[in-house]
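Asks: Mind having a look at this structure? Questions to follow.
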Amino acid sequence: MANKRIIAIIFIIFFLITMSISIPIVILSTAFLPSVKIVETRRFKYRPKNSSVIEQLNLLLDIGNIEIQYTTNPVDYYAMIEVNFDMIGYGLFGKNSLYYFNFPENDSFTKLFNMERKSDTDWFDDSKWIKQNVSILVFINANIQFNINTTIREEGDVNINIPGGTSINNIDINIKTGDILYEFIYCIMRGNVTGRVDSGDITLKANNIKYTQNNIWNFTNTKGKITLDIIQSRAMGANLSGMGTTNIGNILLKYRDYSHDIGAIFKFHNSSTGIWNRTENYWMGFKGPIPIGYTSSMFTSYDYPSKYNYDLSFFVESPNTRTYMINLTSV
């Protein structure tokens with residue numbers, strides 16, 4: 001019996017000595033792996049088999065920051081997607097973007113661009129990464145009409161910039177985690193704008209948009225801020241209506257119009273238990289706040305209704321207090 005105890009004690013001592021030596025070796029060997037940098041650019045062109053009056057561009061990604069630009073220069077494509085990788089990490093020798101992502105098989109695509117992250121990689125192993133940057137530039141021929149549908153299934157931002165004189169149709173953006181920024185400057189809007197974010201902010205900057213038909217904006221986020229910054233001095237051409245809905249977040253509305261042909265009404269609604277808390281108020285040329293029910297209210301310009309009108313509603317769904325900040329001018 002004594003011999004068995006001695007053998008057991010010797011085994012335990014041997015095991016502890018072995019572990020005390022092997023664990024530092026593993027840690028040190030990982031820590032001293034050389035870092036590797038991956039810098040790549042991949043380009044894909046939208047080449048439809050048959051052209052349409054309005055083309056459909058669908059972007060479907062797991063990860064990446066997207067910037068959508070319109071080009072007025074002569075180009076030989078309907079749309080071009082440039083995917084840029086700038087990554088630094090350990091143990092990346094011999095790897096490239098194809099190790100981590102699936103792409104369209106060819107350098108051209110029709111209707112759908114799908115960039116899918118492979119699930120059996122070390123992408124989410126933080127101990128191996130110093131830098132992970134995936135950016136996607138989308139260049140659209142301004143002479144081509146597009147409906148744009150963009151979805152980021154995991155994480156990334158979307159920035160879409162529409163320059164003066166460019167016509168745009170329906171724009172639909174969906175993000176799980178990230179921010180959306182719309183910048184519409186003296187452009188022509190022929191369709192509706194929709195934005196949905198689970199966790200992140202939605203910002204829209206609209207400067208003197210011309211509407212060819214009555215349009216709808218619809219923005220929803222679960223956690224984050226919704227910001228609308230609107231300037232309108234030229235004739236709208238049609239009416240704009242829509243809504244912004246937030247659960248855990250705030251609303252910032254900045255509105256200025258400089259024409260008696262433009263009217264505006266903004267309504268702030270709460271859930272049965274939610275409360276709006278108004279701060280940083282300024283409204284010139286508006287009546288308000290006008291009560292709607294228990295805690296909801298609205299603001300209307302003195303020239304509402306007019307020839308053309310903005311009609312926007314905002315909703316809070318959380319039972320907690322949410323803040324809306326307004327800066328309104330109508331002359």
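The values are calculated or read from the model by the stated rules, or taken from the named source; none is laboratory data. The structure displayed is predicted, hence computed values, not measured ones. Neighbour counts run over all protein chains shown; Cβ positions are idealised from the backbone, glycine included.
Asks: With surrounded by fewer than 18 Cβ atoms within 10 Å (Cβ to Cβ), under 22 Å from F314 (Cα atoms) and more than 15 Å from the chain's Cα centre (by Cα) as the only criterion, which of N214, N143 stands out?
Replies: Of the residues listed, the single one that is surrounded by fewer than 18 Cβ atoms within 10 Å (Cβ to Cβ), under 22 Å from F314 (Cα atoms) and more than 15 Å from the chain's Cα centre (by Cα) is N214.
Asks: I've got another one for you. So, in segment 84-106, how many residues would count as being surrounded by 15 or more Cβ atoms within 10 Å (Cβ to Cβ) and under 23 Å from V138 (Cβ atoms)?
Replies: Selection size over segment 84-106: 8.
Asks: With the requirement that a residue be within 18 Å of N208 (Cα to Cα) and either hydrophobic (A, V, I, L, M, F, W, C) or outside the structural domain of N215 (by TED's automatic domain parsing) (or both), what does segment 139-170 give you?
Replies: Hits for segment 139-170 are I160, I162, I168.
Asks: Another question about this same structure. Go through segment 49-83 residue by residue and tally those that are under 28 Å from I185 (Cβ atoms), surrounded by fewer than 17 Cβ atoms within 10 Å (Cβ to Cβ) and in contact (Cβ under 8 Å) with a residue 40 or more places away in the chain.
Replies: Count: 11.
Asks: Can you name the residue in segment 217-249 that is outside any strand (DSSP E or B) and basic (K, R) and, of all such residues, is surrounded by the fewest Cβ atoms within 10 Å (Cβ to Cβ)?
Replies: The extreme case among them is R234.
Asks: Can you pull out every residue in segment 172-192 that is surrounded by fewer than 23 Cβ atoms within 10 Å (Cβ to Cβ), more than 12 Å from the chain's Cα centre (by Cα) and assigned to a strand (DSSP E or B)?
Replies: E183, I185, I188
Asks: Within segment 119-143, can you find the residues that are among the aliphatic types (A, V, I, L, M) and under 28 Å from I171 (Cα atoms)?
Replies: Correct list: V134, I136, L137, V138, I140, A142.
Asks: In this structure, is E116 charged (D, E, K, R), under 21 Å from the mean Cα position of the chain (by Cα) and closer than 30 Å to T166 by Cα?
Replies: So E116 does not fit the description; no.
Asks: Just one of Y258, Y282, Y324 is out of contact with any His (no Cβ under 7 Å at 6 or more places or on another chain) and either outside the structural domain of A235 (by TED's automatic domain parsing) or at pLDDT 80 or above (or both); which is it?
Replies: Y258
Asks: Can we say K128 is assigned by TED's automatic domain parsing to the domain that holds R47 and surrounded by 15 or more Cβ atoms within 10 Å (Cβ to Cβ)?
Replies: So K128 passes the test.
Residue-wise test of (1) within 19 Å of I152 (Cα to Cα); (2) of a type in the set (A, V, I, L, M, F, W, C).
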residue: I185; (1), (2): no, yes
residue: I202; (1), (2): yes, yes
residue: A206; (1), (2): no, yes
residue: F219; (1), (2): yes, yes
residue: I226; (1), (2): yes, yes
residue: S259; (1), (2): no, no
residue: N270; (1), (2): no, no
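Asks: Of (1) surrounded by fewer than 21 Cβ atoms within 10 Å (Cβ to Cβ); (2) part of a strand (DSSP E or B), G165 satisfies all except one. Which?
Replies: (2)
Asks: Which of the residues belonging to segment 107-118 are surrounded by fewer than 17 Cβ atoms within 10 Å (Cβ to Cβ) and either outside any loop (DSSP other than H, G, I, E, B) or in contact (Cβ under 8 Å) with a residue 60 or more places away in the chain (or both)?
Replies: Once the filter is applied, which keeps residues that are surrounded by fewer than 17 Cβ atoms within 10 Å (Cβ to Cβ) and either outside any loop (DSSP other than H, G, I, E, B) or in contact (Cβ under 8 Å) with a residue 60 or more places away in the chain (or both), segment 107-118 yields D107, S108, T110, K111, L112, N114, E116.
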